[in-house]
Amino acid sequence: MSDILRQVDEDLRKERISNLWKKYGMYAITFVVLIFVVVAGYQIISSSDKAKNEKLLEIYLEAENSKIVDDKISLFEELLESKNEYLSGMAELRISSLNIEKGNIDEGLLGLENIKNNKNYDPIIKDLALYLFLIFQIDILSEEKFMSHINKAMIKESKYNYLFKELISIKKLLLGKSLESKNGFKELLNLADTPSHIKVRAKKFIEIAN
């Protein structure tokens, strides 16, 4: 009887984790999209060919503001052949994430994997591709497969190290490794530079892990 009760308790916990991740995971993805816009805008405006790149930025912003996914993809595809490699990389990244949003999961994940493995892309773009690649599969990949994409050196060097630390802690929680998960979230709470929105999520996940 006790085994049955433990299983029910574990199932309820997993459901709470899943519901919380669905709620806050969208905020995380929205945050990443905002990074795309801000960083792309800065890179374009600060480049030498300002007039041409401002036109490219207009297309990029039009794509982000479009309400129809297919229209977004079409506009981003216009930027793939841009001589501005940073912008073309950002456009390819957005196309991959939008394909996943459309339900073309395999195509989108393949695109993200190609981007994160492309040595010619800026580290920021590669890190964002890896983050999205993992976030979209967090409840699918085995722990071994999930962790094969992340190591301490990579996390330390990444500008998004807090996001990756958060993902690892969430993965541990989904696997039922509550203590490891809580320790990871507590570490994020204790770091002075951890963004406030990540600390808010960390507190919520610790409540579930207890």
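The values are calculated or read from the model by the stated rules, or taken from the named source; none is laboratory data. Owing to the predicted nature of the structure, the values given are computational and were not obtained by experimental measurement. In this analysis, Cβ positions are derived from the backbone assuming ideal geometry, glycine residues included, and neighbour counts consider all displayed protein chains. Calculation scope for accessible area: heavy atoms of the full protein, side chains included, ligands and nucleic acids excluded. Shrake-Rupley method; radii C 1.70, N 1.55, O 1.52, S 1.80 Å.
Filtered by the rule that a residue be closer than 14 Å to I170 by Cβ and either outside any helix (DSSP H, G or I) or at pLDDT 90 or above (or both), the range 187-198 gives E187, L188.
K159 is checked against (1) open to solvent by less than 30 Å² (accessible area, probe 1.4 Å); (2) part of a loop (DSSP other than H, G, I, E, B); (3) more than 25 Å from V69 (Cα to Cα) and fails just one. What number does that condition carry? The number of the failed condition is (1). Inspection of the range 164-171 identifies no residue that is of a type in the set (D, E, K, R), modelled with pLDDT under 85 and under 13 Å from the mean Cα position of the chain (by Cα). Against the criterion of being open to solvent by 40 Å² or more (accessible area, probe 1.4 Å), among the hydrophobic types (A, V, I, L, M, F, W, C) and part of a helix (DSSP H, G or I), A153 qualifies. All of (1) open to solvent by less than 20 Å² (accessible area, probe 1.4 Å); (2) small (G, A, S); (3) at pLDDT below 80 hold for G89 with one exception: (3).
Restricting the range 175-186 to residues that are within 22 Å of the chain's Cα centre (by Cα), of a type outside the set (D, E) and assigned to a helix (DSSP H, G or I), which is surrounded by the most Cβ atoms within 10 Å (Cβ to Cβ)? By that ranking, first place goes to F185.
Of the set (1) in a helix (DSSP H, G or I); (2) open to solvent by less than 20 Å² (accessible area, probe 1.4 Å); (3) more than 19 Å from K159 (Cα to Cα); (4) hydrophobic (A, V, I, L, M, F, W, C), all apply to I138 but (1).
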